[in-house]
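Okay, structure first, notes after.
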Amino acid sequence: MTDLADTAAEPTVLVSTGGGLGRLTLNRPRAINALDLGMVRQLQATLDAWEHDTEVDVVLLDGAGERGLCAGGDVRGLAEQVTSGRAEDAGVFFREEYAINARIAEYPKPFVAFADGITMGGGIGVAGHAAIRIVTDRSQLAMPETRIGFTPDVGGTWLLAHAPGRLGEYLGLTGAVMDASDAIYAGFADHYVPHENLDAVRDALETRADPSTPTELVLLFDETPARSKLEAARTWIDEAFAADTVPEIVERLRGRPEPEASATADLLGELSPTGLAVTLAAVRRARELPGLRDALDQEYGLVMWFATTQPDLAEGIRAQVIDKDRSPRWQPATLADLPPDVGETALADRPGIPLWD
């Protein structure tokens, strides 16, 4: 997802202030604003500067272009780091990215995120922990990491763990895409505003018309979305994804009468067995953790375990992003070949450099 042409002409994060509003615009539209280390550092530096700036009362995050807020991180670069034995370079990115995820969640000033269009992976990390999370008729949210032989991170397991019922397991394992209704129902967003009204929300946040709080201003434009498809599917999702293991989940899906359940079983059969098992364990462990920082720390251990020990990560990126042959060769190839304790093994592994000092 790296596109050097995006970085040559202008900054990859546009920073502006006015009327008490600090605006951060991710600016790599040709790459759907995929995050790289320079962007993460710019976000961190700006938030540090604005924290004590009396001219900034509210922060707004949005994305340039028409395709989305952020498609995730630079997975091409990640694959190159892993295959060339430079996993620690990936570690640097993960540590700084997770720091900005926590910073957004803990920011002392109101933080508003427009999750308009594609908002996936790392995009969830910068939008999903904001104080005020807005989705639109164009929103497509997902944690699709298992599609590349990986596991959800950027605090995604924290959000997944607190979704209703067993939606966390379902969304984490399948990487299913949520529309605005689904995102609000699952706890990944707060408000639905039609895309055509986003400019008016920006103007209202800047001009501070009455009512004056950011939440009250957003509510002026908030509309009621349609019923979530996820809510309607809870019966079969909750029954199947409550099973103890991924093979048992697949077995339960096969026993359901709903066509969607059978299709989900087929999908799980195509994904990395290791990625599925570790993700299941990670979401369930995250339910027991006290906060977002703890979930990020758990995820950091898992992503470094994948980056340093698991061939599925580079292979998944190759198959889905680089060669695009959609034919990954997973190791092991099937759930039956997977060690039964792989989830616990991954969770027990700790990186040499800790996430939090």
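The values are calculated or read from the model by the stated rules, or taken from the named source; none is laboratory data. Keep in mind it's a predicted model, so treat the numbers as computed, not measured. Counting neighbours? That spans all protein chains shown, and the Cβs are built from the backbone with ideal geometry, glycine included. Remember, those area values only see protein heavy atoms, side chains included, never the ligands or the DNA or RNA. Shrake-Rupley method; radii C 1.70, N 1.55, O 1.52, S 1.80 Å.
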Tell me the residue from 206, 239, 223 that is touching a residue at least 12 places away in the same chain (Cβ under 8 Å), assigned to a helix (DSSP H, G or I), within 29 Å of residue 176 (Cα to Cα) and charged (D, E, K, R), please. 239
Spot the failing condition for residue 322; the list is (1) in contact (Cβ under 8 Å) with a residue 12 or more places away in the chain; (2) out of contact with any Lys or Arg (no Cβ under 7 Å at 6 or more places or on another chain); (3) closer than 24 Å to residue 85 by Cα, and only one is missed. (2)
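Restricting the search to the range 27-66, which residues are of a type in the set (Ser, Thr, Tyr) and assigned to a loop (DSSP other than H, G, I, E, B)? Reasoning before the result, please.
Initial filter on the range 27-66 (of a type in the set (Ser, Thr, Tyr)): 46, 54.
Residue satisfying the conditions is 54 alone.
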Among the residues of the range 124-146, the number that are part of a loop (DSSP other than H, G, I, E, B) and either under 15 Å from residue 193 (Cα atoms) or within 12 Å of the chain's Cα centre (by Cα) (or both) is 8
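Considering only residues that are β-branched (Val, Ile, Thr) and over 30 Å from residue 94 (Cα atoms), look in the range 240-260 and name the one that is least open to solvent (accessible area, probe 1.4 Å). Talk me through it step by step, then tell me what you get.
Filtering the range 240-260 for residues β-branched (Val, Ile, Thr) gives 245-246, 249-250.
Going one step further and asking which of them are over 30 Å from residue 94 (Cα atoms), we end up with 249-250.
Working: 249: 0, 250: 29 Å².
For the range 240-260, the residue satisfying everything is 249.
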Those residues of the range 9-26 that are over 21 Å from residue 78 (Cβ atoms) and in a loop (DSSP other than H, G, I, E, B) come to a total of 4
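Here is a yes/no grid of residues against (1) touching a helix residue (DSSP H, G or I) at 6+ places or on another chain (Cβ under 9 Å); (2) under 26 Å from residue 218 (Cα atoms); (3) of a type outside the set (Gly, Ala, Ser):
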| position | (1), (2), (3) |
| --- | --- |
| 69 | yes, yes, yes |
| 73 | yes, no, no |
| 78 | yes, no, yes |
| 83 | yes, no, yes |
| 104 | yes, yes, yes |
| 114 | yes, yes, yes |
| 138 | yes, yes, yes |
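Does residue 216 satisfy the condition of being part of a loop (DSSP other than H, G, I, E, B) and surrounded by fewer than 16 Cβ atoms within 10 Å (Cβ to Cβ)? Talk me through it step by step, then tell me what you get.
Details: part of a loop (DSSP other than H, G, I, E, B): no; surrounded by fewer than 16 Cβ atoms within 10 Å (Cβ to Cβ): yes.
Criteria not met by residue 216.
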Determine which single condition residue 270 fails, assuming it passes every other condition in (1) among the charged types (D, E, K, R); (2) closer than 30 Å to residue 344 by Cβ; (3) in a helix (DSSP H, G or I). (3)
Which is β-branched (Val, Ile, Thr), touching a Phe, Trp or Tyr at 6+ places or on another chain (Cβ under 9 Å) and within 26 Å of residue 76 (Cβ to Cβ), of 317, 322? 317
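Of the residues 232, 176, 200, which is crowded, with 16+ Cβ neighbours inside 10 Å and small (Gly, Ala, Ser)? Explain how you work it out, then say what you get.
Details: 232 fails: crowded, with 16+ Cβ neighbours inside 10 Å; 200 fails: crowded, with 16+ Cβ neighbours inside 10 Å.
Of 232, 176, 200, the one residue that is crowded, with 16+ Cβ neighbours inside 10 Å and small (Gly, Ala, Ser) is 176.
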Need the failing condition index for residue 263 against (1) part of a loop (DSSP other than H, G, I, E, B); (2) over 30 Å from residue 99 (Cα atoms); (3) open to solvent by 30 Å² or more (accessible area, probe 1.4 Å), just the number. (1)
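For the range 281-325, give me each residue that is under 24 Å from residue 242 (Cα atoms) and open to solvent by 10 Å² or more (accessible area, probe 1.4 Å).
281, 284, 285, 287, 288, 289, 290, 291, 292, 294, 298
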Residues of the range 273-312 being farther than 20 Å from residue 171 by Cβ and of a type in the set (A, V, I, L, M), which ones? 304, 307
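Answer with yes or no whether residue 101 is open to solvent by 20 Å² or more (accessible area, probe 1.4 Å), part of a helix (DSSP H, G or I) and of a type in the set (S, T, N, Q). Show your work before the answer.
Working: open to solvent by 20 Å² or more (accessible area, probe 1.4 Å): no; part of a helix (DSSP H, G or I): yes; of a type in the set (S, T, N, Q): yes.
No.
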Give the range 106-137 a look and list any residue that's surrounded by fewer than 19 Cβ atoms within 10 Å (Cβ to Cβ) and either touching a Gly at 6+ places or on another chain (Cβ under 9 Å) or of a type in the set (S, T, N, Q) (or both), or say none. 109
Of all residues in the range 43-81, count the ones that are more than 19 Å from residue 119 (Cβ to Cβ), touching a residue at least 24 places away in the same chain (Cβ under 8 Å) and open to solvent by 30 Å² or more (accessible area, probe 1.4 Å). 7
